[in-house]
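Data block below; observations after.
The values are calculated or read from the model by the stated rules, or taken from the named source; none is laboratory data. Remember, predicted model here, so these are calculated numbers, not experimental data. Note that we place each Cβ from the backbone using ideal geometry, even for glycine, and neighbour counts take in every protein chain shown. Areas reflect the complete protein model, heavy atoms only, side chains present, ligands, DNA and RNA absent. Shrake-Rupley method; radii C 1.70, N 1.55, O 1.52, S 1.80 Å.
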Amino acid sequence: MKSTIFLWLLTCAALPLMAQKTIEVSVSNPSSQARKDQPVVLHLDCYGQDFRSALVTCAGQEMPCQLDDLDQDEVFDELCFLADLDKKEQKRYTVTLYTEGEPRPYPARVYAEMVMGNSKDKKLKKNQQNNYIESITARGDAAYTYNLQHHHGVDFESELNGIRIYFDARQTLDLYGKYQKRLELKETQFYTDEDQKARGYGDDVLWVGQTFGLGAFRGWDGQQPTLVEPVRSRTQRIISYGPLRTIVELVDRGWQLPSVNGQKTSPVNMTLRYTQYAGHRDTDVDVLFNKDVSDYCFSTGIINVKGSEEFSDKKGLRACWGTDYPSTDTLKWKRETVGLAVYVPQKNIVSEEPANKDNYAFVLQVPGSSMHYKVNYTSVNEQFGYHSADEWFDYLKTWKRQIEQPVVIRVKSEE
């Protein structure tokens, strides 16, 4: 045991000799409300080296961090860590980057999974499938991509939420409601069994059909949303598994968008990147195109849950609170109450459409080739969440203020 400790101390002592870059970063909270688990992301390409490991400290204490390879070229592009800040507080962090070693292991606070369907191992239960994959691509003329994956598409979660995205032209976000703050999807795979339910595990809480669900990105034909079809191919892939954020992407190649002023459009390639941070119930959505799409219209929004109460500030925040069955099987499932929300920057909004039986919709524009928005939800099952429309809508007002008044990140010095 003593020799093990000695070797560990020697290893730690050697680490500073490998350091290639030390960066001092200050993170400030400009608001009068405390912030928890605020993402701090540093782009590494400007430093011109292939960094293989990193150490982040604050006041001499090690902080969990994460290195991510966004373009999958085996070179880390970004470093991420999470900051807890009191109101008006500023903290200073030291980031040390190394050209050797491996990313340090930290406890997982997020999870992501893709599993192929139709396992031949008949001994495995429905929520114990293990035919794991990291990426899947289907041709645009594939007959029924919805059933290619076990739970119908990639899923991911933080301690507060759980989402799966259907692998078909809808690309809809379907929701998992939790009772407790913890990671669960590895155990339930969106198919919670009776024993797990008895132990307080969550389950599917939303029926989505052909609707937006929670903030799916769609086309717009001048009157209504259109699905992401036809395409030459569609892909789902996991870019990062954690431990502080998971990143998944949907890639639609050769998407033939609705016509513009009666003129047939040329196909575009679109990447939808979903980033889920630990400690967050909201999810970041980045929409990236391979060319300028300023002349096109798009759409997003949320499902009009049966009998739901709507909230809108008419400035990019739209939400609802409602109750419905999450399945057409009303004998097996209980009614679920959820709060849903989408936040879109005003610069991207063409119009806020009146509610119809399916959706609360926004018509969108994408100046240039990219845009960013956020989605958010709660389930009334949560012991830690919101249990009325008023509570949910009040929280969303605070959420929007925090989005529009982010923490301030400054790189103070480099060596």
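Counting only alpha carbon atoms, the long axis of helix 2-18 and the longest principal axis of the chain meet at about 80°.
Against the chain, whose longest principal axis comes from its Cα atoms, helix 389-404 is set at around 50 degrees. Count Lys and Arg as plus one, Asp and Glu as minus one, and take only other residues whose Cβ is under 15 Å from that of Thr137; the net charge is then 0. Roughly what percent of Cα-Cα pairs across region 77-139 reach past 20 Å? Cα-Cα pairs of region 77-139 separated by over 20 Å account for 62 percent. Lysine pair count for region 311-384 with Cα-Cα distance under 27 Å and sequence separation of 8 or more or different chains is 11.
Counting only protein heavy atoms and a 1.4 Å probe, region 183-226 has 39 square angstrom of accessible area per residue.
Springs between alpha-carbon atoms under 10 Å, Gaussian network over the chain: tell me which of Tyr132, Tyr166, Tyr176 tops the mean-square fluctuations. Sorting by GNM fluctuation, first place goes to Tyr132.
The Rg/Rh ratio of the chain, with both radii computed over alpha carbons and Rh defined as the Kirkwood radius, is 0.97.
Think of the chain as having a plus end and a minus end, set by charges on the Cβ of Lys, Arg, Asp and Glu; of Ser351, Trp392, Met116, Trp392 sits farthest toward the positive end of this dipole. Its convex hull of Cα atoms gives region 257-413 a direction-averaged projected area, equal to a quarter of the hull surface, of 12.8 nm².
Averaged over residues, the count of other Cβ atoms within 10 Å places the peptides 375-382, 321-328, 109-116, 257-264 in the sequence 375-382, 109-116, 321-328, 257-264, highest first. Annotation note: trypsin sites (Lys or Arg not before Pro) in region 153-222 located in DSSP loop regions with a Cβ neighbour count of at most 12 within 10 Å are Arg199.
Treating only the Cβ atoms of Lys and Arg (+1) and Asp and Glu (-1) as charged, compute the dipole magnitude of region 235-387 about its Cα centre; round to the nearest 20 debye.
Numbers: 17 positive and 17 negative charges, 42 e Å.
For this selection, approximately 200 debye.
Excluding ligands, DNA and RNA, the accessible surface per residue across region 36-154 is 55 Å² with a 1.4 Å probe. Here's the picture: charge each Lys and Arg Cβ at +1 and each Asp and Glu Cβ at -1 in the chain, and of Pro103, Tyr176, Leu331 the one pushed furthest to the positive end of that dipole is Leu331.
Of interest is the spacing of the C-alpha centroids, which for region 339-415 and region 116-156 amounts to 30 Å.
What a 1.4 Å probe finds exposed on the chain is 49% carbon and sulfur by accessible area, rounded to a whole percent.
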